[in-house]
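Have a look at the structure below, then the notes.
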Amino acid sequence: MPSARTGKSTSTAQFVPSGKDWAVLRSAAAGCRGCDLHRDATQTVFGEGPVPARLMMVGECPGDREDTNGHVFVGPAGRLLDKALAAAGIDRSKTYLTNAVKHFRFTERGKRRIHQTPRRSEVVACFPWLEEEIRVVAPRLVVCLGAVAAKAVLGPSFKLTEHRGEVLEHDVPRVGALRVGVTVHPSAVVRAEDFTGAFDAFVADLKALKKTR
Ligand code: URA
């Protein structure tokens, strides 16, 4: 898919060593130049957690805090996710957490870096990393957090609002049949007007999905 900035085709595929273990993947990902996002981001933020793991969760892309620290879900969305996981009885330390896109996308407003949703071209370009993570982590269930992650795994026409809380069977190229659960992104809960209602609904989704692991 062409880059919005250069118009050239972008893909991470040439940077992704296939058939290797997680440590090799993580260190190769640090040097990924498969799309334009690496230019402004501080670093690649690769997935983390036990390998293999029964449960894998996929977010959108790293935020400001994750970009600086180099770890997934350590900012405000991560703190919300931690609370929701605890309320749902899911142990974060036993869960592999990653993102559909491995670099922070943002615009600068004064000294602030404002998160921007990754473009479809960036999601597609980054997909080979996610594919390899799924292969090495070999989860029984992949939970997509939010529409960007869900569309990355299930395709661009997928509608989160129609399938929230459900588990779908899906074939992923190079991985095979995969069970994919879908719910909202924790940032949507952080921003919700009715925070308590949104948090409770998120926890209810996680509890229901947990039962299917
Ligand atoms: N949002 C995400 O989708 N992933 C992170 O790691 C942090 C915030």
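The values are calculated or read from the model by the stated rules, or taken from the named source; none is laboratory data. Remember, predicted model here, so these are calculated numbers, not experimental data. Neighbour counts are summed over all protein chains in view; Cβ atoms, including those assigned to glycine, are modelled from backbone coordinates with ideal geometry. Please note that ligands, DNA and RNA were not included when accessible areas were found on the heavy atoms of the full protein model with its side chains. Shrake-Rupley method; radii C 1.70, N 1.55, O 1.52, S 1.80 Å.
From its DSSP helices (H runs of at least four residues, each -39,500 (n - 2.57)), the chain gives a residue-normalised ellipticity at 222 nm of -11000 deg cm²/dmol. Listed values for segment 100-108 are Karplus-derived 3J(HN,Hα) couplings in whole Hz (6.51 cos²θ - 1.76 cosθ + 1.60, θ = phi - 60°), namely 5, 10, 9, 10, 5, 10, 8, 10, 9, and x replaces Gly and Pro. When the charge dipole of the chain is built from unit charges on Cβ atoms (+1 for Lys and Arg, -1 for Asp and Glu) and taken about the Cα centre, the candidate among V172, A87, V74 whose Cα reaches farthest toward its positive end is V74. In order along segment 59-73, the Karplus-derived 3J(HN,Hα) couplings, from 6.51 cos²θ - 1.76 cosθ + 1.60 at θ = phi - 60°, round to x, 8, 7, x, x, 4, 5, 5, 4, 6, 8, x, 10, 6, 6 Hz, and Gly and Pro are given as x. With a threshold of 21 Å on the Cα-Cα distance, the over-threshold entries among K94/K207; K20/K102; K102/K211; K83/K210 are K102/K211. The distance between label points at A204 and A87 comes to 1.2 nm (points 7 Å beyond Cα on the Cα→Cβ vector).
Ranked by solvent-accessible area (1.4 Å probe, protein heavy atoms only, all chains present), the residues V148, V72 order from largest to smallest as V148, V72. Any chance you could look up the accessible area of K20 with a 1.4 Å probe, heavy atoms only, rounded to 10 Å²? Roll a 1.4 Å probe over it and K20 shows about 100 Å².
Taking amide H as placed 1.01 Å from N in the peptide plane, G181 has its amide H under 5 Å from the amide H of V142, V143, C144, L168, each at least 5 places away in sequence or on another chain. For a test of the definition: using alpha carbon positions, the gyration tensor, and the 1.5 limit on a/c, classify segment 95-213 as rounded, prolate or oblate. Judged from the Cα gyration tensor, segment 95-213 comes out oblate (a/c at least 1.5, b/c at or above a/b).
A Cβ-based charge dipole, computed about the Cα centre of the chain with Lys and Arg at +1 and Asp and Glu at -1, lands at about 220 debye. The stretch between D40 and S27, if pulled fully straight at 0.36 nm per residue, gains 2.8 nm over its current Cα-Cα span. Solvent-accessible surface of protein heavy atoms, probed at 1.4 angstrom with all chains present, puts S93, S121 in the order S93, S121, largest first. Note that segment 48-55 has calculated 3J(HN,Hα) couplings of 8, x, x, 10, x, 9, 5, 10 Hz, one per residue in order, obtained from phi through the Karplus relation 6.51 cos²θ - 1.76 cosθ + 1.60 (θ = phi - 60°); glycine and proline are x.
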